[in-house]
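The values are calculated or read from the model by the stated rules, or taken from the named source; none is laboratory data. Note that the structure is a prediction, hence the values are computed from the model and not measured. Cβ coordinates were reconstructed from backbone atoms using ideal geometry, including for glycine residues, and neighbour counts include every protein chain displayed.
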Amino acid sequence: MMKCQTSMRRVFAARRLGGFTLIELLVVIAVIGILASLIVGISGVATTKARLSQSKALLYNMATAIDNYHADMGSFPPDSKFRDGTVNTVTNQLFYELTGSVYAERGTYLPQSGAAQIGSATLNRFFGVDGFQNVARRDTEVKGYLELSASQIGDISLNPEVKILTAPIPWPLQPLRGSFQNVLGQSLPMESLRPVKSQVPSLHRVNPWQYRSSGLNRFNQQSYDLWVDLVIGNKVYRVNNWSTQPKVFEALPQ
């Protein structure tokens, strides 16, 4: 019996010295591949949840600021409604209304957020208005409703400089591929969801908070619609204030 056990030990020892067989190596590689795919999948889910959670927190902060503005001003911040009745939800003046401005002279305003001075001609061009509601004559009288980090401020125009509120997750520089189906059953390009369609690379990536406070074409008829689109993987998630869950746009199978 002792001789048999000794022989078996010698066989296993010799096998260890000789290394793995081809089949054993293939099995090990397959197991590593499976584990890697699982790790990547879990990591992707965690990243999506983290970005959505961050955006929901920002949405809550902005909604609180808008509601406080309403309590003081008696109305919600105006949206960008032009003379022909159209509303541009991307170019809205939330940045200026929620941080406040000082009236300078001759229809010009000095934002208290550190942005460049802005005039009524620019306001009319981008926002469809001639002036702001949240404006004061002195710095000490300005009402600020929202504290912002640098990642929450973007440009909708560089010359003249026009600021907007943005999400800290920019749009990808490369065009989105594929198409999605809207509520009417129409097939639309995924790229059509990009909010800022500019040839300037820095503006092409801007991801603004979109806003609508007038008209019948909104979900919250008694208040306002506020939302932002996040590109995560091959999907676009719309974090909004009319639903507890984001709306998801996904490219149709080719």
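Results for (1) among the hydrophobic types (A, V, I, L, M, F, W, C); (2) under 28 Å from the mean Cα position of the chain (by Cα); (3) in a strand (DSSP E or B), shown as yes or no for each residue.
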site	(1), (2), (3)
LEU98	yes, yes, no
VAL102	yes, no, yes
GLU105	no, no, no
GLY114	no, yes, no
ALA121	yes, no, no
ASN124	no, yes, no
VAL129	yes, yes, no
PHE132	yes, yes, no
Unmet requirement for LEU158, which otherwise passes all of (1) in contact with a strand residue (DSSP E or B) (Cβ under 6 Å, 6 or more places away or on another chain); (2) at negative phi: (1)
Can you find a residue that is modelled with pLDDT of 95 or more and crowded, with 19+ Cβ neighbours inside 10 Å anywhere in the stretch 139-153? yes
Within the stretch 48-84, residues in contact (Cβ under 8 Å) with a residue 60 or more places away in the chain and not in a helix (DSSP H, G or I) come out as PHE76, PRO77, PRO78, ASP79, LYS81
MET8 being part of a helix (DSSP H, G or I), modelled with pLDDT under 70 and not acidic (Asp, Glu): yes
